[in-house]
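Data block below; observations after.
Just so it is clear, none of the values below were taken in a lab; they were calculated from the coordinates. As the structure is a computational prediction, the values presented were derived from the model and not from experiment. Cβ: placed from backbone, ideal geometry, glycine included. Neighbour counts: every protein chain shown.
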Number of protein chains: 2
Amino acid sequence: MLYLVGLGLSHESDITVRGLETVKKCSRVYLEAYTSILMAANKETLESYYGREVILADRELVETGSDEILHNAADEDVAFLVVGDPFGATTHTDLVLRARELNIPVEIIHNASVMNAVGACGLQLYQFGQTISLVFFTDSWKPDSFYNKIMENRKIGLHTLILLDIKVKEQSIENMARGRLIYEPPRYMDIATACSQLLEIEERRQEQAYTENTPCVAVSRLGSPSQKFKAGTLRELSEYDSGEPLHTLVMLGRQVHDLELEYLYQFVDDKEKFKKFVEEDQKHFAPPVYVPPEENLSD
Amino acid sequence: MLYLVGLGLSHESDITVRGLETVKKCSRVYLEAYTSILMAANKETLESYYGREVILADRELVETGSDEILHNAADEDVAFLVVGDPFGATTHTDLVLRARELNIPVEIIHNASVMNAVGACGLQLYQFGQTISLVFFTDSWKPDSFYNKIMENRKIGLHTLILLDIKVKEQSIENMARGRLIYEPPRYMDIATACSQLLEIEERRQEQAYTENTPCVAVSRLGSPSQKFKAGTLRELSEYDSGEPLHTLVMLGRQVHDLELEYLYQFVDDKEKFKKFVEEDQKHFAPPVYVPPEENLSD
């Protein structure tokens, strides 16, 4: 059997009881180690917690070496551990499909992921639109396909969850060219970088999907003991020191409710000022964008 | 301290290890018992699992009796258990705000909820738009405010998660009028009812937010041992026997990827036929709806 087990967000004890019982009985345990990290645990603490060796699975092993992971899994139990939920921000459907092709039964043990735990900032999950990802810009590579998605979400008043880039086990271009297996230190995008990149793209596109006064929520170390939320405008948060990783950003949509706002006030420096920015932003895409097509107006 | 603890979706052992350790040390343990149920556990199994009495908290207690829940919580540990995640489909921000007013520290222990575990159907979470809820229609009450939201999601190509009504501890109008505290048996909306109601509203509105051929995924008993997915058109699923509760429905958006489709094929009766309906539906809102406003075209 192949078990895909979600680990939750922070502590080794964020695994579910059923997940832990499962991992303990598996003969091989892989940890997906390239799209996220467990904030308050590492390979060693997990190994001692599970009483099992933990094999770090990098992108290459998961994407091209899945038959190694699945080896003999029809006869023995293999666990594939994923920070958050196995079907969260990064889904592992390809591994499941490959297992099914090999007639290996699969069981999923779910857990919290940033995709649902972000509700802890007080914004209602059902008011979120599509999720976007922001990668580290380089001098020559500043992809902005996320911009249209934010525009689409905000036109209909929805909040946008913005996942921030993580670079683990990356090679420099020089080392890659020379075939040297030397890896750069891991990098985790912080809130200030994310907001600056967003502002840079708005400056280039000038379509006002958002402005420097658009209200956002900085979500830092979600689910960990040092979890912190900070609400402010994009400009304010572009100068915010968000501390240790991981971080996530939420951009508000016009449909924000009073109850959501009431909750956010806990995380602002100046309530009246933040409220003013929210009210201003609510006018940005108002009146509501959806108008029924003319041919239906006669009904 | 007030702990809000997510229980996950199905088994008593779907609680996290940290959640279980927390519940075991609390002097009072409440279970929010009106917006969802744990599919493979009840009050008694939870009580024996935790070694603690579990107090069922109905809507009235949570919404108007929160000070009873919070009584003395500055000095002792109180757990408030929520099926899924405390900030999932139903958020408990009001309880948290009330606790903060009373200077009671609050800690959240997250877990999987339908809002992220639905990714197990193979559709990518980041492609979902706003979530809608569908209530049981009566002869005289058929609210259709969800319809515009589906329209908005589908115009920009996004999937829609449709949460289905649950009625627990409801009184009949007669019993309510006579002040008799007699409650109706619990009702959980099934897939066929949900699809029929959706079709009924489309027939009334005739704006083609969706059609009877729009592809959907029926999600039954998510996260439980008898979990089942079924993909088909709205019309097909309006005659589908989805079995025991709980159920959730997903309506596909035009942006569906090949990898998502590949996964869904596991759940269809006839792959070619389903593929044809998907391709037909992809044309429904094409070309992409978003066009930059004219004043910006000159950039």
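Structure values in brief
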| item | result |
| --- | --- |
| Equivalent ellipsoid dimensions for segment A:179-237 as semi-axes, Å, which come from the Cα gyration tensor, largest first | 27, 21, 7 |
| Inter-copy spacing of B:Asp94 label points, which lie 7 Å from Cα along Cα→Cβ, given in nm from shortest upward | 4.6 |
| Averaged over B:7-20, number of beta-carbon atoms from partner chains that fall within 10 Å | 6 |
| Phi to ³J(HN,Hα) by Karplus 6.51 cos²θ - 1.76 cosθ + 1.60 over segment B:4-17, Hz, x for Gly, Pro | 9, 10, x, 9, x, 9, 9, 8, 4, 7, 7, 5, 6, 4 |
| Leading residue at positive end of dipole, the protein assembly as shown (Cβ point charges), from A:Ser36, B:Ala73, A:His257 | B:Ala73 |
| Cα-centred dipole magnitude for segment B:1-129, charges only on beta-carbon of K, R (+1) and D, E (-1), debye, nearest 20 | 340 debye |
| Sum of side-chain charges, A:Val5 neighbourhood, beta-carbon under 13 Å (Lys, Arg +1; Asp, Glu -1) | -3 |
| Pseudo-label separations to other copies for A:Pro292 - Cα-to-Cβ vector, 7 Å, nm | 3.3 |
| Segment A:178-299, dipole about Cα centre (Lys/Arg Cβ +1, Asp/Glu Cβ -1), debye to the nearest 20 | 680 debye |
| Cα-based shape type of segment B:119-173, given that a ≥ b ≥ c are square roots of the gyration tensor eigenvalues and the cut on a/c is 1.5 | oblate |
| 222 nm mean residue ellipticity, helices alone, for chain B (DSSP H n ≥ 4; -39,500 (n - 2.57); rounded to 500) | -8500 deg cm²/dmol |
| Cα-projected label distance for A:Ile55 with B:Asp94, points at 7 Å along beta-carbon direction, nm | 5.1 nm |
| Vicinal HN-Hα couplings computed from phi for segment A:58-68 (Karplus, 6.51 cos²θ - 1.76 cosθ + 1.60; Hz; Gly/Pro x) | 8, 4, 4, 4, 6, 7, 10, x, 5, 5, 5 |
| Kirkwood hydrodynamic radius of chain A, from inverse mean 1/r over distinct Cα pairs, in Å | 21.1 Å |
| Neighbourhood charge, 13 Å Cβ-Cβ cut-off, centred on A:Leu46 and excluding it, Lys, Arg +1 and Asp, Glu -1 | -3 |
| Selection from B:Leu222, B:Leu2, A:Met151, by position along the positive dipole direction of the protein assembly as shown (Cβ) | B:Leu2 |
| Nearest residue to the symmetry axis between B and A, taken on chain B by its Cβ, in whole Å | B:Asn116, 2 |
| Inter-site label distance for B:Thr45 and A:Asn175 at 7 Å from Cα along Cβ, in nm | 5.0 nm |
| Rel. contact order, % - alpha carbon contacts under 8 angstrom, at least six apart, chain A | 18 percent |
| Neighbourhood net charge (14 Å Cβ-Cβ; Lys/Arg +1, Asp/Glu -1) for B:Asp241 | -2 |
| Shape of segment A:1-70, Cα gyration tensor, a/c cut at 1.5 | oblate |
| Residue-by-residue Karplus 3J(HN,Hα) for segment A:141-148, coefficients 6.51, -1.76, 1.60, Hz, glycine and proline x | 9, 10, x, 10, 5, 5, 4, 5 |
| Shielding of A:91-100 by partner chains, average beta-carbon count, 10 Å | 4 |
| Amide proton proximity set for B:Ser36, modelled H, under 5 Å, gap of 5+ | none |
| Dipole magnitude of the protein assembly as shown about its Cα centre (Cβ charges: Lys, Arg +1; Asp, Glu -1), debye to nearest 20 | 360 debye |
| Which of A:Asp258, A:Asp270, A:Asp14 has the fewest Cβ neighbours within 10 Å, and the rest in rising order | A:Asp258, A:Asp270, A:Asp14 |
| Amide hydrogen neighbours beyond the local backbone of A:Ala57, cut-off 5 Å, H modeled | A:Leu31, A:Glu32, A:Ala33 |
| Å³ per residue enclosed by the Cα convex hull of segment A:129-285 | 121 Å³ |
| Cα-Cα separations in segment A:74-155 greater than 21 Å, expressed as whole percent | 52 percent |
| Distant-in-sequence amide H partners of B:His159 (H built 1.01 Å from N, under 5 Å) | B:Phe128, B:Gly129, B:Gly253 |
| When the protein assembly as shown is reduced to its Cα atoms, the Kirkwood hydrodynamic radius in Å | 25.1 Å |
| Global geometry of segment B:22-109, whether rounded, prolate or oblate, following the gyration tensor of its Cα atoms and the 1.5 cut on a/c | oblate |
| Percent antiparallel among DSSP beta bridges (both partners in the protein assembly as shown, rounded to 5) | 50 percent |
| Peptide-level mean, for B:152-164, of C-beta atoms on other protein chains within 10 Å | 3 |
